[in-house]
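The values are calculated or read from the model by the stated rules, or taken from the named source; none is laboratory data. Keep in mind that what you see is a predicted model, and the values were worked out from it rather than measured. Positions of Cβ are backbone-derived with ideal geometry, glycine not excepted, and every protein chain shown enters the neighbour counts.
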């Protein structure tokens, strides 16, 4: 961790500058190496990164790509998901989870979430399956989201998916580096989608993503799809694909960051534990799934009078964010899609009282204390 800062110093919501300072010249050196060899597209750093990520995720294959969104889309395209198919997604998530389903022509079907972990509720998934069947949709896939870095309940969700012959794709955009039941993120479902957006626990300096899987056929299809459906050479187009490759420079940045990633995940556990202990009774801290280790992409509390609390914290120099102010199932672009029979009331309620606090591995105890004191005062007023 960094040394304590003065009590009136600005607080960073996510401190990428502190991370860069820790890495020293490592990132600059990595980028200059790419500039020198000139292989900006699919250079050697891309293959090295894929190898390292597969090892960390405990899978046989890793296919990198241009963003977390494209990682989701590539999997659905490779599976042949399309019109008439139902793909089940949580209502409490970023737009991309449902967006990619709609882009394939399939139907996103919204499930509600738990009010403590914020992740997909298997009971709501069962209810949503009934709705999809009643509409005559083919049950194709489930996309659980590891919201804020915490693993979804894959044990229960996989059992339901298996019973209905559905694929499972883990949307682990925020959770790479976490684990469930002693197994690393990457080993759940048929495929795992990862994002390297700069704010993620493992982030590059732009957009980036990857898919982890043990399915060799799926990996081969995605490698083709990410290069315009390429066959034996760049002018042999065997399927309609995308331009979805990860830039070599971003791979180089990620390789440099991997040298400290495990340490950063450990530091995130320390900060989260301190927040949990200090804020219990002040607000509702996030709950942990049994056997889960969160990557803590965000630290998100529930608090009454959320907007007033956020305003009070801003006055004290404590930045906050709201993920998400509207449940995805209630957004104009998605409100017409089906949802579980009893709706998504928990997701709608969470949209009114979730608040994310400053959180990163370089948050020193003095700054933590300042944030905790500010939340305690604001939530109690």
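Being outside any loop (DSSP other than H, G, I, E, B), farther than 23 Å from residue 200 by Cβ and over 17 Å from the mean Cα position of the chain (by Cα) narrows it down to one of 307, 290, so name that one.
Step by step, each of 307, 290 is checked, and only 307 is outside any loop (DSSP other than H, G, I, E, B), farther than 23 Å from residue 200 by Cβ and over 17 Å from the mean Cα position of the chain (by Cα).
So how many residues does region 97-112 have that are surrounded by fewer than 24 Cβ atoms within 10 Å (Cβ to Cβ) and within 17 Å of the chain's Cα centre (by Cα)?
1
For the condition touching a helix residue (DSSP H, G or I) at 6+ places or on another chain (Cβ under 7 Å), surrounded by fewer than 24 Cβ atoms within 10 Å (Cβ to Cβ) and not in a helix (DSSP H, G or I), what is the one hit in 212, 202?
202
For every residue, the table says whether it meets (1) buried (at least 18 other Cβ atoms within 10 Å of the Cβ); (2) in contact with a helix residue (DSSP H, G or I) (Cβ under 7 Å, 6 or more places away or on another chain).
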residue: 339; (1), (2): yes, yes
residue: 343; (1), (2): no, no
residue: 346; (1), (2): yes, no
residue: 367; (1), (2): yes, no
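State whether the residues of region 169-182 include one that is over 20 Å from residue 64 (Cα atoms), free of Cβ contacts under 8 Å to residues at least 60 places away in the same chain, touching a helix residue (DSSP H, G or I) at 6+ places or on another chain (Cβ under 8 Å) and surrounded by 24 or more Cβ atoms within 10 Å (Cβ to Cβ).
Checking region 169-182: not a single residue is over 20 Å from residue 64 (Cα atoms), free of Cβ contacts under 8 Å to residues at least 60 places away in the same chain, touching a helix residue (DSSP H, G or I) at 6+ places or on another chain (Cβ under 8 Å) and surrounded by 24 or more Cβ atoms within 10 Å (Cβ to Cβ).
Identify, please: which residue in region 1-38 is surrounded by 12 or more Cβ atoms within 10 Å (Cβ to Cβ), at pLDDT 95 or above and in a loop (DSSP other than H, G, I, E, B) and is, among those, farthest from the chain's Cα centre (by Cα)?
This residue is 11.
Within region 113-133, work out how many residues are outside any helix (DSSP H, G or I) and surrounded by fewer than 22 Cβ atoms within 10 Å (Cβ to Cβ).
4
Can you name the number of the only condition in (1) surrounded by fewer than 21 Cβ atoms within 10 Å (Cβ to Cβ); (2) assigned to a helix (DSSP H, G or I); (3) in contact with a strand residue (DSSP E or B) (Cβ under 7 Å, 6 or more places away or on another chain) that residue 47 fails?
Only one criterion in (1) surrounded by fewer than 21 Cβ atoms within 10 Å (Cβ to Cβ); (2) assigned to a helix (DSSP H, G or I); (3) in contact with a strand residue (DSSP E or B) (Cβ under 7 Å, 6 or more places away or on another chain) is unmet by residue 47, namely (3).
The rows are residues; the columns are (1) closer than 18 Å to residue 210 by Cβ; (2) assigned by TED's automatic domain parsing to the domain that holds residue 225; (3) touching a helix residue (DSSP H, G or I) at 6+ places or on another chain (Cβ under 8 Å); (4) free of Cβ contacts under 8 Å to residues at least 60 places away in the same chain.
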| site | (1), (2), (3), (4) |
| --- | --- |
| 85 | no, yes, no, yes |
| 100 | yes, yes, yes, yes |
| 120 | no, yes, yes, yes |
| 142 | no, yes, yes, yes |
| 191 | yes, yes, yes, no |
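Report, by residue number, each residue of region 74-95 that is surrounded by 24 or more Cβ atoms within 10 Å (Cβ to Cβ) and within 30 Å of residue 354 (Cα to Cα).
Residues satisfying the conditions are 86, 87, 88, 89, 90, 91, 92, 93.
If a residue must be in contact (Cβ under 8 Å) with a residue 24 or more places away in the chain and either out of contact with any strand residue (DSSP E or B) (no Cβ under 7 Å at 6 or more places or on another chain) or more than 12 Å from residue 88 (Cβ to Cβ) (or both), how many such residues does region 122-135 contain?
Result for region 122-135: 5.
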